[in-house]
Amino acid sequence: MGEGIAVSGNLPNIRDAENTMATMAMPILELQRSVRVDAEKARRQTQRVVEYSKGARADVLTLFRVFATTFVLKLMLWTLVRQQSKLIRSCLNADFTKVSNEDLEKLARCFDKIIAKERDVLSKTSQLGAEIRVWWEKSLSQLNEQIEHLDSIAQSLHVECDQESSLLLAITAEEFAKPKKHALSDEEQGSCQGVHST
């Protein structure tokens, strides 16, 4: 009589599901925050480099500022590319089927913000001469590729959250999977024969 009610092992355990969700999402959320902060730092540092390089005077102090900010930005971009690579790998390995649409939408919006900041970095660096950009060329190239990849992930998450888009994609995929009819109707055959006979 003192025994509790036995729960069948086949019934889902809510706590287990929540823990699985938290375990899966935690690395992505932590990496996303880190990448977002790094992208903002790089955006601000890029703006500094642009401002210093457009200085009114070409004195030793201006040269030092350009060199120092260029070097710091090189380190920031290297860190950003490394962290973002981890984020993309985590997203590719994640099972988002157990994540609510609301959480997916939040994550997609966070990715959108990161992408906007990183595109701003690329835009600002393009304003600089090749003499300065050469310091970051490898990181900028990798960042550009990663932005496109992250944008693709974000768009997929947006589509997954939008029930109508998901339904339309499923219907479209189903239509493409159907075998095509090769036989022409009697009317189409008649119109084709009329063309050949003239």
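A quick yes/no check of all residues on (1) closer than 14 Å to L143 by Cβ; (2) out of contact with any Ser or Thr (no Cβ under 9 Å at 6 or more places or on another chain); (3) not in a loop (DSSP other than H, G, I, E, B):
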site	(1), (2), (3)
Q45	yes, no, yes
G55	no, no, no
T62	no, no, yes
A68	no, yes, yes
V72	no, yes, yes
M76	yes, no, yes
R82	yes, yes, yes
T97	no, yes, yes
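Out of all the residues in the stretch 86-103, is one or more surrounded by fewer than 17 Cβ atoms within 10 Å (Cβ to Cβ) and more than 19 Å from P27 (Cβ to Cβ)? Yes, the stretch 86-103 contains a residue that is surrounded by fewer than 17 Cβ atoms within 10 Å (Cβ to Cβ) and more than 19 Å from P27 (Cβ to Cβ).
Taking the condition in contact (Cβ under 8 Å) with a residue 40 or more places away in the chain, out of contact with any Asp or Glu (no Cβ under 6 Å at 6 or more places or on another chain) and of a type in the set (G, A, S), does S100 pass? Break it down stepwise before answering.
Working: in contact (Cβ under 8 Å) with a residue 40 or more places away in the chain: no; out of contact with any Asp or Glu (no Cβ under 6 Å at 6 or more places or on another chain): yes; of a type in the set (G, A, S): yes.
For S100, the condition - in contact (Cβ under 8 Å) with a residue 40 or more places away in the chain, out of contact with any Asp or Glu (no Cβ under 6 Å at 6 or more places or on another chain) and of a type in the set (G, A, S) - is not met.
Consider the stretch 116-135 and keep the residues that are of a type in the set (A, V, I, L, M) and assigned to a loop (DSSP other than H, G, I, E, B). The one that is surrounded by the fewest Cβ atoms within 10 Å (Cβ to Cβ) is V134. Filtering the stretch 136-191 to residues that are small (G, A, S), surrounded by 10 or more Cβ atoms within 10 Å (Cβ to Cβ), at pLDDT below 65 and over 30 Å from R119 (Cα atoms) leaves G190, S191.
In the stretch 53-67, the qualifying residues are those that are of a type in the set (V, I, T) and over 36 Å from the mean Cα position of the chain (by Cα), and the one that is modelled with the lowest pLDDT is T62. Being modelled with pLDDT of 90 or more and either β-branched (V, I, T) or touching a helix residue (DSSP H, G or I) at 6+ places or on another chain (Cβ under 9 Å) (or both), is that true of even one residue in the stretch 93-104? No, that holds for no residue. Taking first residues from the stretch 131-155 that are more than 19 Å from T70 (Cα to Cα) and partners that are polar (S, T, N, Q), the Cβ contacts under 6 Å between residues at least 6 apart in sequence or on separate chains come to Q146/Q84.
The values are calculated or read from the model by the stated rules, or taken from the named source; none is laboratory data. Being a predicted model, the structure only gives us computed values, none of them experimental. Reconstructed Cβ throughout: ideal geometry from the backbone, glycine too, with neighbour counts over all protein chains shown.
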